[in-house]
Amino acid sequence: MIDLHTHTNKSDGTDSPRELVNKAISLGIHVLGVTDHDTTSGWIEATQSARGEISLALGSEISCLTTDGISVHMLALLFDGANLEMQRMLEDNRDGRLPRMAKMIEKMQAAGIDISMDDVESARPLGATLGRPHLADALVIKGLIKSRDEAFQGLLNNDSIFYVAHVSPTPTQAIQIINKAGGVAVIAHPFASMRGQILEVSDFEVLVEAGLHGIEVDHRDQNPDERGILRAIALELDLVVTGASDYHGNGKVNSLGEFQTSPEQWEKLESRADKRRVVGA
Ligand code: AMP
Ligand code: ZN
Ligand code: FE
Ligand code: FE
């Protein structure tokens, strides 16, 4: 089993990297992608937890924004974690999330919702990349809503009046930096339309020119028709097709290993990194 997209409590998942790796080993997953939002801070603990029983594709899910303001998530896998340009991009993204959260809280306060930055900070695990799920957790703790899911269906949805974007690289910039750092770039859930506006079919050619390697096709937020279109685009543009769970622990219904990548596609993807960077097994 190969699952290339998961989160830990270093961003908005709820399992520690050790818990995630242990769960993956007991499920029989043999290649696991560890892809926290805009950070590599879970890599060391994940690596120490592998104990030769699982291969890890260490990575990060980078939040991007197109020049048209469309939110795009780019999975970066198998890159050099010490690459300065990459770490600067991740750090800039994390920095941008603080004023963005402050603005969202300000809008909510102005609407009479009793929530503060302190509430959100209490809900965020130490050192985790700050995100809307932590704001959702704070609202749950205050008894204002029941779950993260409820938050994302209303108050915290991309179409909500409370939504604020954070400063991010464009998908093209992110792909270029991922390549320079020796890694591979896979666009995450590109047709997940319930999250807001999505890319057009024609946008993929530009991303391939920038160095895109793959498309996440099999993901719960894309229906069979959407997956079919993405599979055809991947075939046309000679891109790797991946499938993954986007597991977030208790933070989302997605279960570890629920969607997978085939061994052939994984082999193709791994061969496109500048060298062998899988760790663990
Ligand atoms: P942000 O990065 O702050 O814009 O928050 C987006 C994150 O919220 C994404 O990583 C999603 O995985 C997560 N998310 C989106 N929808 C939901 C949901 N219904 N329940 C829990 N988490 C969600
Ligand atoms: Zn997330
Ligand atoms: Fe995502
Ligand atoms: Fe994700």
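A short reminder: the numbers here are calculations on the coordinates, not readings from a lab. Note that the structure is predicted; figures quoted are calculated from it, not measured. All Cβ positions, glycine included, derive from the backbone under ideal geometry; neighbour counts span all protein chains shown.
Give the shape of the range 22-94 as rounded, prolate or oblate, defined through the alpha-carbon gyration tensor: a ≥ b ≥ c are the square roots of its eigenvalues, a/c under 1.5 means rounded, and otherwise the shape is prolate if a/b is larger than b/c and oblate if not.
It comes out prolate by the Cα gyration axes.
A full extension of the chain between residue 231 and residue 275 corresponds to an added length of 13.2 nm, given 0.36 nm per residue minus the alpha carbon distance.
Each Cα pair of the range 161-281 feeds into the Kirkwood radius, which the Stokes-Einstein equation turns, at 25 °C and 0.890 mPa s, into a diffusion coefficient of 158 µm²/s.
Could you work out which residue, out of 76, 185, 102, moves most in a Gaussian network model of the chain, that is, has the largest mean-square fluctuation with Cα springs under 10 Å? Most flexible of the set in this elastic network: 102. Within the same chain, aspartates and glutamates fewer than 8 places from residue 23 are excluded, and of the rest, those with a Cα less than 18 Å from its Cα are 3, 12, 15, 36, 45, 53, 246, 258. Extension gain, residue 106-residue 194: 0.36 nm per intervening residue step, less the Cα-Cα distance, totals 29.2 nm. Per residue, the convex hull around the alpha carbon atoms of the chain comes to 115 Å³. Among the listed pairs 107/146; 10/268; 10/146; 103/142, which are separated by more than 25 Å between their Cα atoms? With Cα atoms farther than 25 Å apart: 10/268.
Only helical runs count toward this figure. For the chain, summing -39,500 (n - 2.57) over DSSP H runs of n ≥ 4 and dividing by all residues gives -11500 deg cm²/dmol at 222 nm.
How many percent of Cα pairs in the range 97-153 exceed 12 Å? Tail fraction, whole percent: 63. Mind putting a number on the dipole of the chain about its Cα centre? Charges go on the C-beta only, +1 for Lys and Arg and -1 for Asp and Glu, and I need it in Debye to the nearest 20. The dipole magnitude comes to about 560 debye. For the range 127-148 versus the range 1-49, the spacing of their alpha-carbon centroids is 21 Å.
Where both partners of a DSSP beta bridge lie in the chain, what percent of those bridges are antiparallel, to the nearest 5? So the antiparallel bridges in the chain amount to around 50 percent.
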